[in-house]
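Visitor: The structure is given below, and queries will be raised subsequently.
The values are calculated or read from the model by the stated rules, or taken from the named source; none is laboratory data. Computed from a predicted structure; not experimentally measured. Using ideal geometry, Cβ is built from the backbone for each residue, glycine included, and neighbour counts are taken over all protein chains shown. Quick note on the areas: whole protein, heavy atoms, side chains included, nothing else; ligands and nucleic acids left out. Shrake-Rupley method; radii C 1.70, N 1.55, O 1.52, S 1.80 Å.
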Amino acid sequence: MLTMGRPAKFSTEQILDTTAALVAQGGPTSATVAGIAQRLGAPTGSIYHRFESRDLLLARLWIRTVKRAQEGALAAIAQEDVEKAAIDTALHMPRWSRLNVDEACVLLLYRREQLAEQWSEELGDELAGLNDALKASLRAFVRRRFGSVTSANLEVASFALVDVPYAAVRRYLLAGKPPPRAVDDLVARTCRCILL
């Protein structure tokens, strides 16, 4: 006789969301399996059933967060109007961080290279292609803006559209706070000076 397992009471997304909230409130050390389970009202075994370790859970949360953070940037940079594409892309990170403080704090946990080294077998393929869409979009933008894709042009665009916005929100996220709206103006002004 075939028996069916009980349906999961908590989804993987709920576990990841709860973990993100704990990380934002108290840093990564507060996101223990026991703490996640207690917050969810779930047995710790149900967490370990989905994620073989707390470290792997945090790594998967980081990957999910990077993908979510990139969605708006990819839509913004694809716009045909070069100036609008540049400003909207540069402003995506401060705006997204303000609306998603818990998740944005998770972005500070790791670097892709660090996770690729630690979890090469479990996460290798996923990490290898994590930034492919963004890199391709950046190249397309550079071609529209400068007429050709050179390493110098890519460096300038990456600095204005990726590095500056991330740096602008980082210190607020380290304090667990949303970046203030005043950051948007500074990021936009910097982007205009560099790219436009």
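Visitor: Can you give me the relative contact order of segment 1-83 as a percent, contacts being Cα pairs under 8 Å and 6 or more apart?
Guide: Once normalised by length, the contact order is 24 percent.
Visitor: Whole angstrom only: what separates the Cα centroid of segment 30-96 from the Cα centroid of segment 121-196?
Guide: 17 Å
Visitor: Continuing with this model, one more query. With bins 5 Å wide starting at 0, give me the P(r) of segment 123-196 over every alpha carbon pair, in whole percents.
Guide: 3, 15, 20, 18, 17, 16, 9, 3, 0
Visitor: Cα axis of helix 132-146 to longest principal axis of the chain: angle in degrees, 0 to 90, nearest 10?
Guide: That works out to roughly 10 degrees.
Visitor: So, taking all protein chains as they sit and a 1.4 Å probe, how much accessible area belongs to HIS49, in Å² rounded to tens?
Guide: 150 Å²
Visitor: If you build a Gaussian network model of the chain, linking Cα atoms that sit under 10 Å apart, which residue out of ALA34, ALA42, ALA182 swings the most?
Guide: ALA182
Visitor: In percent, how large is the relative contact order of the chain, given Cα pairs closer than 8 Å and 6 or more residues apart?
Guide: Computed value for the chain: 24 percent relative contact order.
Visitor: Choose one of VAL149, SER53, ALA86: the residue whose Cα lies farthest towards the positive end of the charge dipole of the chain (beta-carbon charges +1 Lys, Arg; -1 Asp, Glu; about the Cα centre).
Guide: Checking the options against the dipole of the chain, the answer is ALA86.
Visitor: I want the local charge near SER148. Using Cβ-Cβ distances under 14 Å, sum +1 for each Lys or Arg and -1 for each Asp or Glu among the other residues.
Guide: +3
Visitor: What's the local net charge at ILE87, with K and R +1, D and E -1, over the other residues with C-beta under 13 Å away?
Guide: Surrounding charge for ILE87 is 0.
Visitor: Which of ARG98, ARG139, ARG111 ends up with the largest GNM mean-square fluctuation for the chain, with Cα atoms connected below 10 Å?
Guide: ARG111
Visitor: Relative to the first principal axis of the alpha-carbon coordinates of the chain, what is the inclination of helix 182-195, with its axis defined by its Cα atoms, in degrees from 0 to 90 and to the nearest 10?
Guide: Result, in degrees: 50.
Visitor: Between the helical axis of 12-26 and the dominant principal axis of the chain, each derived from Cα atoms, what acute angle in degrees is found, rounded to the nearest 10?
Guide: Compared with the principal axis, the helix lies near 70 degrees.
Visitor: With only Lys, Arg, Asp and Glu charged, each at its Cβ (+1 for the first two, -1 for the last two), find how big the charge dipole of the chain is about the Cα centre; round to the nearest 20 debye.
Guide: Roughly 480 debye for the chain.
Visitor: For segment 1-152, I need the span (max minus min coordinate) of the C-alpha atoms along each principal axis, in Å, sorted largest to smallest.
Guide: Reported extents, whole Å, longest axis first: 64, 33, 32.
Visitor: Lys/Arg Cβ at +1, Asp/Glu Cβ at -1, dipole of the chain taken about the Cα centre: which of ALA34, PRO180, GLY72 is farthest positive-ward?
Guide: PRO180
Visitor: How much accessible area per residue does segment 31-125 have, counting only protein heavy atoms and a probe of 1.4 Å, in square angstrom?
Guide: Per residue, segment 31-125 has an accessible area of 48 Å².
Visitor: Something else now. Rounded to the nearest 20 debye, what is the charge dipole size of segment 58-162 about its Cα centre when +1 sits on each Lys and Arg Cβ and -1 on each Asp and Glu Cβ?
Guide: About 320 debye.
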